[in-house]
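Report on one structure; see the data block that follows.
The values are calculated or read from the model by the stated rules, or taken from the named source; none is laboratory data. Worth saying up front: this structure is predicted, and the values here are computed from it rather than measured. Reconstructed Cβ throughout: ideal geometry from the backbone, glycine too, with neighbour counts over all protein chains shown. These accessible areas exclude ligands, DNA and RNA; they are computed on the full protein's heavy atoms, side chains included. Shrake-Rupley method; radii C 1.70, N 1.55, O 1.52, S 1.80 Å.
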Amino acid sequence: MAAEPLKIAIVAGEESGDLLGADLVRALRKATGREVRLVGVGGRHLAELGLQSAFDAGEIALIGLSAIIRDLPRLMRRIGQVARLVAQEKPDCLITIDSPDFSLRVARKVRAAAPAIPIVHYVCPSVWAWRPGRAPAMRPYVDRILCLLPFEAKELERLGGPPGTFVGHRLTQDPGVLAAAAEQAKPRDFSLDRTKTLLILPGSRRGEVRRLIEPFGETVAILGRRGHKMRLILPTVPHVADLVRSATANWNERPEIVTDPQGKWRAFGVADAALIASGTVSLELALSGVPMISCYRFDPVMQAVQSLVKIWTGVLPNLIADRPVVPESYNSYVRPMSLARYIEGLWSDTQLRGWQKDGFAEVRRRMTTAKPSGEIAAAAVMDVVKGNRGIGE
């Protein structure tokens, strides 16, 4: 007889979380030899694997406390809806992915309604950066946390949180990343009169794009006035593509807007430098070997509580390498005249560029795992399904 299908409830709102979830589901199918049936909420990548999302995952892809507070009544209804669905479906496991303000509330409600359902959370909340009390608060309703960064499992243990397993990141084995890294490793023309390729990455959420697209455009204009010949490429995701097109329509230097993954990785391969919104893309670029400067503007509510943030940097490559590899500009320090000069230093053969390249090599070394991250994550999930809820690595 064929093995019973494995029923997995999944909650993924962000594009990055949807990709992680799809990678994990494929690894579960391979590891168990069983069909995996999905219920819950996810995006286009999980849909390709059979998930019929309970609603548009974009509804929970929010950024900033202001957005969460503004949409709180609707979010609370969606949290209740998903929790009831999961409790009713009685899956072999609930896997919540990132978006902790939404997904961990779902997990807590599911544990109260159906205590027998094992719960795994994928992507450790940044308890090591701010609000460390979240770590012990998760322990009653999260059985395991799958950690992307090498220091997170020990931090969870130190703070009294749920057991954590370092799984690494799927990006270290991503064919697109590997192809881009191979291109970046080739000799590069640094002659003064050449055309430089600049990536513009203003974020995957509407709030990010609205806060950063104007200073990014001003930076490009300054570079043009300083005599640089440029090719601009702006990789983005489909749900913000129209916003990006309208916001860049009046730029003197018009970017090539790319929405397909293959086009994105080709752009990473040819880029001389990147101007980005802080986020997962910084790790993508670091593993690809693309020098960058990272920017972020808090929404008004987050600005009011930013004193609670205790971490020394907000950029993933810096955290992983444990040194300042990538320059970062926040809030009022997102200044186009400064950003333009950083870019000039990154797309030339400078010590600044070399410092970043060396740092990226250290990031890759620390992120390397013996097996692909999806396989490690799948093994941890099955360990929890089999009842070993309290064992971490």
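A few notes on this one:
- Rounded percent of accessible protein surface that carbon and sulfur make up, the chain, 1.4 Å probe: 53
- Surface exposure of the chain, expressed per residue as accessible area with a 1.4 Å probe, stands at 44 Å².
- Each residue, Ser338 and Glu362, gets one label point 7 Å from its Cα in the Cβ direction; the gap between the two is 2.3 nm.
- Computed from Cα atoms, the angle from the helix 238-248 axis to the main principal axis of the chain rounds to 20 degrees.
- Simple rule: put +1 on each Lys or Arg Cβ and -1 on each Asp or Glu Cβ in region 84-167, find the dipole, and look at Ala135, His121, Thr96; the Cα lying farthest toward the positive end is Ala135.
- Whether region 119-170 is rounded, prolate or oblate, judged on the alpha carbon gyration tensor where a/c under 1.5 counts as rounded: oblate
- Pairs from the list Lys196/Lys357; Lys229/Lys264; Lys310/Lys386 with a Cα-Cα gap above 29 Å: Lys310/Lys386.
- Between the alpha-carbon centres of region 328-393 and region 1-40 there is a gap of 25 Å.
- The overall shape of region 15-160 is rounded: from the C-alpha gyration tensor, with semi-axes ordered a ≥ b ≥ c, the ratio a/c is less than 1.5.
- Region 159-251 shape via C-alpha gyration tensor axes, a/c threshold 1.5: oblate
- The long axis of helix 206-225 is offset from the longest Cα principal axis of the chain by roughly 20 degrees.
- In the chain, the longest principal axis of the Cα atoms and the axis of helix 336-346 are about 90 degrees apart.
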